[in-house]
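K.L.:
Pasting a structure here, questions to come.
The values are calculated or read from the model by the stated rules, or taken from the named source; none is laboratory data. Quick caveat, the model's predicted, so the values are computed rather than measured. Methodologically, a virtual Cβ is constructed for each residue, glycine included, from the backbone with ideal geometry; neighbour enumeration extends over all protein chains shown. Side chains included, ligands, DNA and RNA excluded: accessible areas come from the protein's heavy atoms. Shrake-Rupley method; radii C 1.70, N 1.55, O 1.52, S 1.80 Å.
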Amino acid sequence: MDMKLLMIEDNKSVSEMMSMFFQKEGWDVVFAYDGNEAVDKFNEDPTGWDIITLDLNLPGKDGMQVAKEIREVSQTVPIIMLTARDSDSDQVLGLEMGADDYVTKPFSPITLIARIKALHRRVEMGEGEEHSESADDAYDVTTGHLQLSTKTREAFLDGKQIENLTPKEFDLLKTLAQKPKQVFSREQLLELVWDYEYFGDERTVDAHIKKLRQKIEKVGPQVIQTVWGVGYKYDDSDLSDGQSEDE
């Protein structure tokens, strides 16, 4: 598994420790030690990074601002956020800012390596599906109102594109829309979309659902429904044909 990583971390001891583990995996890693340096290094090759790990507590620009500036350039580069254990609100806010995953500090290097591999595997699976499709298969998920293409990583609601979907938002929408009206628990979504167990931490799903709904509502009515006490489902069966106004 060849990868190019950008690790944004102001603690050089942590960076040096992780450097040994990254080297063992054979990964190419660039380190940035403050927010300004991080944005500059990212912008040197915006499409060349496979994974970014981002510490929230940075000098210069904090991690939230760095995430915002990265997402203004790329909606697709996977971001793993590093947060303190007691910063629950930061974890949720970071996910809402566009992070795909988070790891709490202090963390085991093996845990971070596993999270990186899991996230990269999900991205590669999506790319593999792109290559396996024929040119005639424009959309691999189609409902009464939604068309979704894994090949282009695009989704359209009543013909209007749902723009700026992050990798996890796209995968989440695809998972729900593949089985309309089926209710998925948060635990099921964590396993299906994130590809590993979160040990009951459901805020990740809720944060991504919130952002996904905001992007859907920019182009049409809400199609992701909450089933209280259970989870979420995709349902566009109550929409009138051709309806695309905001509700």
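K.L.:
Run the dipole for the chain about the Cα centre, Lys and Arg Cβ at +1, Asp and Glu Cβ at -1, nothing else charged, and hand back the magnitude in debye, nearest 20.
P.N.:
Working: 28 positive and 50 negative charges, 93 e Å.
That gives the chain a dipole magnitude of about 440 debye.
K.L.:
At a 1.4 Å probe radius, carbon and sulfur cover how many percent of the accessible area of the range 4-127?
P.N.:
Details: 2670 of 5440 Å².
Accessible surface attributable to carbon and sulfur in the range 4-127 totals 49 percent.
K.L.:
With r as the distance between the Cβ atoms of Arg213 and Lys24 and R0 = 45 Å, compute the FRET efficiency 1/(1 + (r/R0)^6) and round to 0.05.
P.N.:
Values: r = 41 Å, r/R0 = 0.90.
Taking R0 as 45 Å, the efficiency between Lys24 and Arg213 is 0.65.
K.L.:
Note down the nm distance, to one decimal, between modelled labels 7 Å out along Cα→Cβ at Lys105 and at Ala84.
P.N.:
Result: 0.9 nm between the two label points.
K.L.:
Further question: Run the simple label-point estimate for Asp206 and Asp238 please: 7 Å along Cα→C-beta, distance reported in nm.
P.N.:
About 2.3 nm separates the two model spin labels.
K.L.:
Can you work out the FRET efficiency for the pair Trp228 and Gln161, with r the C-beta to C-beta distance and R0 = 25 Å, to the nearest 0.05? Spell out each step's value before the answer.
P.N.:
Numbers: r = 30 Å, r/R0 = 1.22.
That pair, Trp228 with Gln161, gives E of 0.25.
K.L.:
Can you compute the helix-only [θ] at 222 nm over the chain? Use -39500 (n - 2.57) per DSSP H run of at least 4 residues, normalise by all residues, nearest 500 deg cm²/dmol. All intermediate terms of the calculation are to be shown ahead of the outcome.
P.N.:
Values: 8 runs with 103 residues, N = 247.
Helix contribution divided over all residues of the chain: -13000 deg cm²/dmol.
K.L.:
Given axes a ≥ b ≥ c from the Cα gyration tensor, I'd like to know whether the range 4-127 is rounded (a/c under 1.5), prolate (a/b larger than b/c) or oblate. Don't jump to the answer; show the numbers that get you there.
P.N.:
Details: a/c = 1.16, a/b = 1.06, b/c = 1.10.
Note, shape of the range 4-127 comes out rounded.
K.L.:
Next question, about the same structure. What percentage of the solvent-accessible surface of the range 141-234, computed with a 1.4 Å probe over protein heavy atoms, is contributed by carbon and sulfur atoms?
P.N.:
Details: 1870 of 4040 Å².
Roughly 46 percent of what the probe reaches on the range 141-234 is carbon or sulfur.
K.L.:
I need to check one value: relative contact order of the range 4-127, counting alpha carbon pairs closer than 8 Å and at least 6 residues apart, in percent. Mind showing how you got there, number by number?
P.N.:
On the way: 182 pairs, mean separation 27.9, N = 124.
Relative CO of the range 4-127 lands at 23 percent.
K.L.:
Moving to a separate point now. In square angstrom, what is the accessible area per residue of the chain with a 1.4 angstrom probe? Walk me through the intermediate numbers first.
P.N.:
Numbers: 11700 Å² over 247 residues.
Solvent-accessible surface per residue comes out at 47 Å².
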